[in-house]
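Working notes for the structure below.
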Amino acid sequence: MAQQPTPLVTDEDIRAYERDGVICLRQVFDDMWIARMQAAIDRVKANPGPLRQRFRPEDPGEFLSDKFMWVSDPDFRVYLFESPAAAIAGALMRSNEISVFYDQLLVKEPYATAPSPWHQDLNYWPFLGKQVCSVWMPLDIVDLASGTLEFVRGSQNWKDRPFSRALVFGNDDNQPKPSGDDSIPETDDPEVLPDIDGRRTDYDIVSWNMRPGDAVIFTALTLHSAPGNNTDRRRRAVSSRWTGDDVIYTPKRVMAKLLRDPGLSPGDKMNCDLFPVAWRA
């Protein structure tokens, strides 16, 4: 379990994260982590797990995702439990304890032109609480041409629940499905996500050109998207998802597929074999 201090996160960083819902930290992962995770992504890409998704297979380039690699891959496991990622999440969220939700690889190969539409991550995640974030670490040089993330700054403060979200990715087999338990309430808010791309000048949209070693950290309510990769460069990234002190397990009737049943009851803390504690202050 990582217990190192977090000198890479300042009080100013914490205030910016709380105000904006997103922050870019420069060179918080050293060359060892970059090389190790580049190799790990390519290894898992060649031997995917059961939650692999491929989006828009008709595109000239491949856009794929996989999740929960840490359960079976030693490098992804070490990344979650020994890299600075969990400690950074804990410092920015002012949490005494940080649990893993899941890790995810996101690869847009050259000319994978499908964009990632605007969304909030909390829509289909099985919990309630404000201390939820993602640490997105690119493993290639990224910019808007190759698909860096864009964010609506401050959008995490617009409302306490996510906007309703259509099933935006094209392969229906990969979409969250009803659990079949009608006793679990549907948590989608009827308010529809605004047309951000159609009215971009109305919003405070930010993005960063990034290099391997940089990271963006953002809340689960921060609206974000990514353009397609319209270059001949790869865009590989690891996104680790983290929960803090105030988060409780709250299954939803429609939610993202997990690797397995975590064995939690509604109202439980997010601390179990599938969602283990990775860091304590």
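So what are the radius of gyration and Dmax for the Cα set of the chain, in Å?
Gyration radius and largest Cα-Cα distance of the chain: 17.6, 49 Å.
Mark the label point 7 Å from the Cα of D160 along Cα→Cβ and return the residues of the stretch 245-281 whose backbone N is within less than 14 Å of it.
Under 14 Å, as judged by backbone N against the label point of D160, lies no residue of the stretch 245-281.
Which of the pairs K45/K130; K130/K269; K45/K269; K45/K252 have their Cα atoms more than 24 Å apart in this structure?
Going by Cα-Cα distance, K45/K130; K45/K269; K45/K252 fall outside the 24 Å limit.
Give the peptides 242-251, 56-65 in descending order of average Cβ contacts within 10 Å, highest first.
The most tightly packed comes first, giving 242-251, 56-65.
Sort the following peptides by mean Cβ neighbour count (other Cβ atoms within 10 Å, averaged over residues), highest first: 228-238, 36-46.
228-238, 36-46
Cα gyration tensor of the stretch 208-253, axes a ≥ b ≥ c as square roots of the eigenvalues: rounded (a/c below 1.5), prolate (a/b > b/c) or oblate?
It is prolate, given that a/c is not under 1.5 and a/b is the larger ratio.
Could you check which residue among L106, L264, L92 shows the biggest mean-square fluctuation in a GNM of the chain with a 10 Å Cα cutoff?
Greatest mean-square fluctuation among the candidates belongs to L264.
Counting DSSP beta bridges with both partners in the chain, what percentage is antiparallel, nearest 5?
Rounded to the nearest five, the antiparallel share is 95 percent.
I need the peptides 10-23, 200-213 ranked by packing, meaning the mean over residues of other C-beta atoms within 10 angstrom, with the highest value on top.
Final packing ranking: 10-23, 200-213.
Can you name the helices of the chain, as whole DSSP H runs, whose Cα span along the helix axis is 20 Å or more and whose Kyte-Doolittle mean is not below -0.5?
Flagged H segments are 31-46.
Every number here is computed from the coordinates shown, using simple stated rules; none is lab data. Predicted model, so just to flag it, every value in this text is computed and none were measured. Glycine gets a Cβ as well: all are built from the backbone with ideal geometry, and neighbour counts include every protein chain shown.
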